[in-house]
Structures are given as structure tokens and as C-alpha cells.
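Contents: one structure, followed by commentary.
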Amino acid sequence: MRPGAQDSRTDFDAIVVGSGMSGGWAMKELTEAGLETLVLERGRMVEHGTDYVTEHNRPWEMPQRGRIPPEVLDRDYPVQQRTFVLSEYTQHYFYRDADVPIVEEEPFTWVQTSIVGGRSVLWGRQSYRMSAMDFEANAADGYGVDWPVRYEDVAPWYDRVERAIGVSGSVEGLPQLPDGVFQAPMEMNVAEKHAKAAIEGAFPGRRVIIGRTATLTEPLDGRAPCHYCGPCERGCSTSSYYSTQSVALPAARATGRLTLRPHSVVHSVLYDPSTNRASGVRVIDAETLEEREYTARVVFLCASAMGTARIMLHSVSERFPDGIANSSGMVGRNILEHHARVGASGRLEGFTDRYYRGNRPNGVYVPRFRNLDAASRHPDFLRGYGMQGGASRVGWGRGASMAGFGASFKERLRTPGEWRISLQAYGEVLPDPDNRCTLDPEVRDRWGIPALRFNVTRGENELAMRTDMAATAAEMLEAVGARDVATFDRPEVPPGTANHEMGTARMGRDPDTSVLNRFNQCHDVPNLFVTDGACMTSSACQNPSLTYLALTARACAHAVDLLGSGEL
């Protein structure tokens, strides 16, 4: 529904900007707490189930067999083609780069979806808690600023979120990867079980576990367990994995307190100097370009780390000439991500009499094992990395490079190929205020809002870590008995391709060096909250979405308490 399309209401208890991972959860928490909530999303509506138009399409049912032609990629997606999740099956979920341009002073990949639910529809669902060590890392080694919260503060909110979204996983008792509230774990295949035994036997400090994923293995609140069909990024009509559409939106709608407005591009946050409060937001209709203002007692920015930074930088006033709540100058700085595209792969002999059922939407995980203590300290870098991967048999797609034709050729493809096994590392990035985004003075998007200019590079710590990532991946696969092990490292792939951007409005204890307090409130503007990736003070090496959800739930509860006491 566009602004003005069905009703003229403009005042609410709460406004949530964005409907993805954190915005979706904010809409659920705030409406269930009794607040009349407006959710603004610049993209179009995607209804659960009915709008997943390519969900089960086979390659031969797609005009380009699932691939986007190179000339189309270069014309329409010169930046976003770097992300693995863009294909002919998902192209309709993305903006064209020309509509939402960025300026790459140094190359950076910002993935921008065009739908309600955002990347919660497309995400990889890996769901890991940050540990006590992660929340203390900045204070321990002096990089960045200290988190204003500790694991104990966030743990109850991890519990709350995991119970609601459904996370399958195994209990491991690892301090660097805290256990959570889990459904039954998915099962490794025979090659992965072999790899687990071999790696843990050869390297006592390393573990191989099944991935922890927000994908059901048991029924939950009317949602069906995963049936292993495989193409999760296209949407899941059985609600087997968590998305805004499958969980948060139905819950918020059920309260009767939700107003959701797609096609609503937030131009800026409105600021009232007489109260030192955000009074609401200014919105541009994505289709008609009509402008409209909405007011509320509390505003949650959940537009993604980069989207939120852009809105804040663009929200200028006499009090905040450099952007709302930016007296510290930290908005847009300290961009964090996870550097990846490095690891090893090989072929595994044997087990050719064994296969597996379906397409398990999950891999194996090697939790961090570097720099946990004195014994695991690496001399060349700080922090650490985890690894994701798995083993599978080569499928019929190998026919594209296989000699032959006719019936005998097809018959050979009926038999699964050899086993392949791989590990890819995801490493932590140290906070650096020079890794930043700013508003470009000339380039604007299709709605006239300044584009973001990126200057993000990888430091010496990350480069040293990558050398170890490749080496350890190879040595583990060799311990498994893999043949023709080859490492890979693609440093030319720019930051951002892991889709885990963070840090542009970080939490902290000191208003002079951070944007948000311990409850995700802006130090400068107490009724303005930021709970998406922008709030992250460090990145750890775990996939971050579960932490966004936990921090969002915590911040919403705090906002409701403050509204109830009259402090906001």
C-alpha cells in the first residue's frame, strides 16, 4: 500500500523503517507489546507463498536456465552481480543498480533488495550466537570501542528469538560458540561424518559440527519442518525457514496494530529541537514521488547498516548539520563485514555406494579455533574465523563439460558423480573508522536521494588471516584424505559480498566515540533506535543475523518500558 493509498492516518506510537531481518522483528515485538506501529518499506509487497513465483521452477522452466545473461548483468547489476544469491530465480527481488546507485571510491558490494521482507527472504539462515569473548574483544585488544553490553545481557534475548524462529542445531558446549535453544540437528552425510572424525582426530582443538540454521526440523506454531527441496533463497511457502513473511509479519498482522506501507522511501528523520526528539519521518512514494510525513513517539531505523547510515546522514538540521544523532562523527564509519571467498576444496574417494536424501539446506561448520587462548594464539593476526562447507556428489550438471552425446551420455549422468568436499572461511574484520560511507555530492538514486560513496579496504590483519584460512582449510581436507586439494583466495572480490555489512552507527559507552547506548538508543536523540547491522561494535566471525534479532527484541522491550513510564 502506497502512502495515502487506503487511509490518511499519519500519527502512530512507533515507526519502523525497513521490513527485513531487524525491521521484521521490530514490527512483531512492538505490535505485540501494544503499540500502533507503522512499518515503512521502499520495496514492493511480496505475500508469503503466493508471490514466490520461481520457488520450485526447474532450470528448463526458466528462459535462461537460471542464469542471467552476462550482458544483462553488466548493464543492470554491475555491482550486485558479485553476490552469489543473484540469479534468474531471484532477479525479481533486486533493484537494478541504476535505480539505487553507489559510488565506489574503493570497491564495495551493497546488496539492495526491492521487496517487503528484504534479505530475510534470501538469507542463508545460519544462526550463531556471539560469545562472551566476542563482546569483550574490543576492550581486550584495543581495537574499536568497548561493547556496552556483555553476553549475559543478550543471552535471554537470544533464547526468546530462537524459541520463536526455530533454530536446528547440536549442543556442543563450546565457549566460543554458545549453545542455544535448538530443535533437533540436521544429519551429516556419510562423507561429512568421515571428515568430522578425521579432522577432530588430527586436530584436537578443532570441531566439525552441523550448521545451526533457522530452518525447522520439527513443527513449530503451524509451520512445517523442512522437506529438503533446496532452493531456499526463492522463498519458502511451507514457512520452514524464518523470514519476515513466514513469522514476523503474520504475528504483527494478528495484533491488528500494524500498518505496513510498501513503496515508501524514507527520505529523512524529522527532528524537533524543542524536545530533542525525533518527531517522525519524511517519506517519498516510490511510484508517484509524492512526499508525506508521519509522526510517532518512537522511531526504529532498521533499513540495513548502509541504508540506516544513509538516512541518518541525510537527516540534517541546525542541531545536527552532519546528520541526526551524529555529534560523535561516527555515523557511516567503522564499516564491518566478514571477509570470505577463501578456503580449499578437493575430491574424496570412496563412499560411491552411499548417497543422501534431498537437498539439505545447510552445511557443516568449523567453529573458531584461532586466538582463543595462549595455546591457540596466532603470531600474525588478532581475532579469528570460522569455516562453512560440506560434501556432496557431483550431479548431472557435470554433463556440461563431459564428452559424449545421446542415450549412453544420458545414462552415464543418471549415476551420481564422485564426492567433492570443501571449506570456506569467514573471518572477523577489525573496526577502522577510515572504512566508511558518505553521501555523494552528485550521484542520486531514482528518488533524488544522495547515493552512498564507499571507501572500504581490508587491513593487514585481514590479509594475514586469509593466508592462514587457506592453509588450515587445506590441511584439514588433507587430513580427511581428500585428493587434488586446491586452495582458493579471491582478494580481488571486494568487501560486502558476504552480505554481512555492519558497524555504521555503533553501540558504545561514550557518546563522543559511538552513536548508540546499551539499549540501541541514539545517545543524542533518545527516542531514535537503531537495531540493524549498523549497531554492531565488532563483527565477530559468526553470521550476524541472530544477534540483530536479539538486540532488536531487547531494544523494543526497553522502548516499551520507557514509553510506559513517560520517559519517551
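The values are calculated or read from the model by the stated rules, or taken from the named source; none is laboratory data. Values in this document were obtained by computation on a predicted structure and should not be read as measured data. Backbone-built Cβ (ideal geometry, glycine too); neighbour counts: all protein chains shown. When the accessible area is computed, the model is the full protein with side chains, heavy atoms only, and any ligands, DNA or RNA have been set aside. Shrake-Rupley method; radii C 1.70, N 1.55, O 1.52, S 1.80 Å.
To two decimal places, what compactness ratio does the stretch 265-385 give when its Cα radius of gyration is scaled by 2.2 N^0.38 Å?
Rg over 2.2 N^0.38 Å, computed on Cα atoms: 1.78.
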- Task: Return one quarter of the surface area of the convex hull spanned by the alpha-carbon atoms of the stretch 323-465, equal to its mean projected area, in nm².
- Result: 16.3
- Message: How large is the translational diffusion coefficient of the stretch 152-307 in µm² per second when you combine the Kirkwood radius over alpha carbon pairs with Stokes-Einstein at 10 °C and 1.306 mPa s?
- Response: 81
- The answer for A451, listing residues at least 5 apart or on another chain whose modeled amide H is closer than 5 Å to its amide H, is D440, V443, R444, D445
- Message: Using the Cα centre of the stretch 444-561 as origin and beta-carbon charges of +1 (Lys, Arg) and -1 (Asp, Glu), tell me which of F454, Q521, T504 is placed farthest towards the positive end of the dipole.
- Response: Q521
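Computed over the Cα atoms, what is the radius of gyration of the stretch 471-530 divided by 2.2 N^0.38 Å, N being its residue count?
On the way: Rg = 20.9 Å, N = 60, 2.2 N^0.38 = 10.4 Å.
Working it through for the stretch 471-530, the quotient is 2.00.
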- The whole-number value in µm²/s of the Stokes-Einstein translational diffusion coefficient for the stretch 58-178, with Rh from the Kirkwood sum over alpha carbon pairs at 20 °C and 1.002 mPa s, is 118
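Could you give the size of the charge dipole of the chain about its Cα centre, using +1 on the Cβ of each K and R and -1 on the Cβ of each D and E, expressed in debye and rounded to the nearest 20? Walk me through the intermediate numbers first.
Details: 61 positive and 72 negative charges, 350 e Å.
The dipole magnitude comes to about 1680 debye.
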- Note on the structure: Once T457, T531 are ranked on solvent-accessible area with the largest value leading and a 1.4 Å probe, the list reads T457, T531
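Can you give the helix-only mean residue ellipticity at 222 nm for the chain, where every DSSP H stretch with n ≥ 4 adds -39500 (n - 2.57) and the sum goes over all residues, rounded to the nearest 500 deg cm²/dmol?
Value at 222 nm, helices only: -7000 deg cm²/dmol.
Computing the accessible area with a 1.4 Å probe over protein heavy atoms, can you report the carbon and sulfur percentage for the stretch 434-516?
On the way: 1500 of 3440 Å².
Of all accessible area on the stretch 434-516, carbon and sulfur atoms account for 44 percent.
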- Task: Return the loop-located GluC sites (Glu not before Pro) in the stretch 471-568 (DSSP other than H, G, I, E, B) with at most 16 other Cβ atoms within 10 Å of their own Cβ; answer none if there are none.
- Result: E492, E567
- Which distance in nm do the two modelled labels at H92 and A155 give, with both placed 7 Å along the Cα-to-Cβ direction? 4.6
- Largest first and rounded to whole Å, the semi-axes √(5λ) derived from the alpha carbon gyration tensor of the stretch 450-568 read 39, 17, 12
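Roughly what % of Cα-Cα distances in the stretch 252-331 sit above 21 Å, to the whole percent? Please report the intermediate quantities before stating the final value.
Details: 1001 of 3160 pairs.
Every Cα pair in the stretch 252-331 considered, those over 21 Å come to 32 percent.
Just to make sure I understand: if all protein chains stay in place, what is the order of R129, R360, R297 by accessible area at 1.4 Å, largest first? The partial results should precede the final answer.
Values: R129 10, R360 55, R297 105 Å².
From most accessible down to least: R297, R360, R129.
Any idea what the dipole of the stretch 248-395 comes to, in debye rounded to 20, about its Cα centre with Lys/Arg Cβ at +1 and Asp/Glu Cβ at -1? Before the final figure, lay out each step's value.
Values: 20 positive and 13 negative charges, 144 e Å.
So the dipole magnitude of the stretch 248-395 works out to roughly 700 debye.
State the percentage of accessible surface on the stretch 270-363 attributable to carbon and sulfur atoms; use a 1.4 Å probe and exclude ligands, DNA and RNA.
Working: 1680 of 3790 Å².
Carbon with sulfur: 44 percent of the solvent-accessible area.
Taking Rh as the Kirkwood radius computed over C-alpha pairs, what is the Stokes-Einstein D of the stretch 269-316 at 20 °C in a medium of viscosity 1.002 mPa s, expressed in µm² per second? Present the calculation step by step, with values, prior to reporting the outcome.
On the way: Rh = 11.7 Å.
Approximately 184 µm²/s, per Stokes-Einstein.
Quick check on the stretch 171-234: what are the equivalent-ellipsoid semi-axes from the Cα gyration tensor, as sqrt(5λ), descending, whole Å? Spell out each step's value before the answer.
Working: eigenvalues 137, 52, 17 Å².
Ellipsoid half-lengths, sorted descending, are 26, 16, 9 Å.
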- Item | the chain: angle of helix 190-202 to the longest principal axis, Cα-based, in degrees nearest 10 | 90
- When all protein chains stay in place, what accessible area (Å², nearest 10, 1.4 Å probe) is found for V485? 40
- Item | Under the Karplus curve 6.51 cos²θ - 1.76 cosθ + 1.60, θ = phi - 60°, whole-Hz ³J(HN,Hα) for the stretch 398-413, x wherever Gly or Pro sits | 5, x, 5, 10, 9, 5, x, 6, x, 4, 5, 4, 5, 5, 4, 6
- Query: How are the Cα pair distances of the chain distributed, in percent, across 10 Å bins from 0?
  - Reply: 3, 18, 29, 28, 15, 6, 1, 0, 0
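Quick one: if you take sqrt(5λ) for each eigenvalue of the C-alpha gyration tensor of the stretch 216-302, what semi-axes come out, biggest first, whole angstrom?
Value: 36, 16, 11 Å, ordered largest first.
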- Query: Sorting F454, F488 by accessible area (1.4 Å probe), largest first, what list results?
  - Reply: F488, F454
- Item | chymotrypsin sites (Phe, Trp or Tyr not before Pro) restricted to DSSP loop in the stretch 228-322 with at most 10 other C-beta within 10 Å | none
- Query: What percent antiparallel are the DSSP beta bridges of the chain, to the nearest 5?
  - Reply: 70
- Message: Sorting check: for 63-73, 93-103, which peptide has the highest mean count of neighbouring beta carbons within 10 Å, and how do the rest follow?
- Response: 93-103, 63-73
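How much of the pair distance distribution for the stretch 515-568 lies past 13 Å, counting alpha-carbon pairs only, in percent?
So the portion of pairs separated by more than 13 Å is 58 percent.
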- Message: Please compute the per residue accessible area over the chain with all protein chains in place, 1.4 Å probe, rounded to a whole number of Å².
- Response: 38
- Query: To the nearest 10 square angstrom, how much accessible area does H56 have with a 1.4 angstrom probe?
  - Reply: 100
- Message: Heavy atoms of the protein only, probe of 1.4 Å, neighbouring chains included. What is the accessible area of K410 in Å², nearest 10?
- Response: 140
- Note on the structure: One point scatterer per Cα, no solvent, Debye formula: log10 I(q)/I(0) for the stretch 1-84 at q = 0.14, 0.15, 0.19, 0.25 Å⁻¹ comes out as -0.76, -0.83, -1.00, -1.25
